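Working notes, structure below.
The values are calculated or read from the model by the stated rules, or taken from the named source; none is laboratory data. These numbers were taken from a predicted model, which means no experiment stands behind them. With ideal geometry, Cβ positions are generated from the backbone for all residues, glycine too; neighbour counts draw on all protein chains shown.
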Amino acid sequence: MSGLWFGRVLTRYGGTAQLLHDGQLTQVRAFIQPTLGERELPQTATALGKRDRRVWLYLGQGPLAVGDTVQWQGQDFAVRSAEPIRIGDALSHWWGTLECRREAAP
């Protein structure tokens with residue numbers, strides 16, 4: 001990926017995150033940000049407190065698979081969807097959607 005332009009952009013401007021994939025924790029570079037739909041509220045009140053209901057966009061290094069965990073800025077995210085993005089035959093980066101993992105009740 002390092003030879004492709006997006007890999008260079010990630011290296012220079014992407015944030016640092018940790019990716020737990022197949023039981024292995026790896027440091028990756030990625031762009032992660034919330035995507036807010038028109039009718040979607042960012043938080044919902046539950047009996048146990050507030051829950052972040054936003055969907056987050058992931059553009060970064062991988063591999064990334066549904067069920068993986070991305071750790072970023074002190075928060076754990078579950079991967080909801082993941083796709084490799086290719087330029088020609090070469091892997092450019094991974095695209096995915098994330099959701100905040102719920103913390104276990106005490």
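Candidates are the residues of the stretch 72-98 that are under 8 Å from the mean Cα position of the chain (by Cα) and of a type outside the set (Phe, Trp, Tyr); the one that is surrounded by the most Cβ atoms within 10 Å (Cβ to Cβ) is LEU98. Quickly run through the stretch 52-73 and pick out the residues that are over 15 Å from PRO34 (Cβ atoms) and not charged (D, E, K, R). Result: GLY60, GLN61, GLY62, PRO63, LEU64, ALA65, VAL66, GLY67, THR69, GLN71. Restricting the stretch 13-46 to residues that are surrounded by fewer than 15 Cβ atoms within 10 Å (Cβ to Cβ), small (Gly, Ala, Ser) and part of a strand (DSSP E or B) leaves a set whose member that is modelled with the lowest pLDDT is ALA45.
Here the stretch 47-84 is the region considered, the condition is being among the acidic types (Asp, Glu) and more than 18 Å from GLN18 (Cβ to Cβ), and the residue that is modelled with the highest pLDDT is GLU83.
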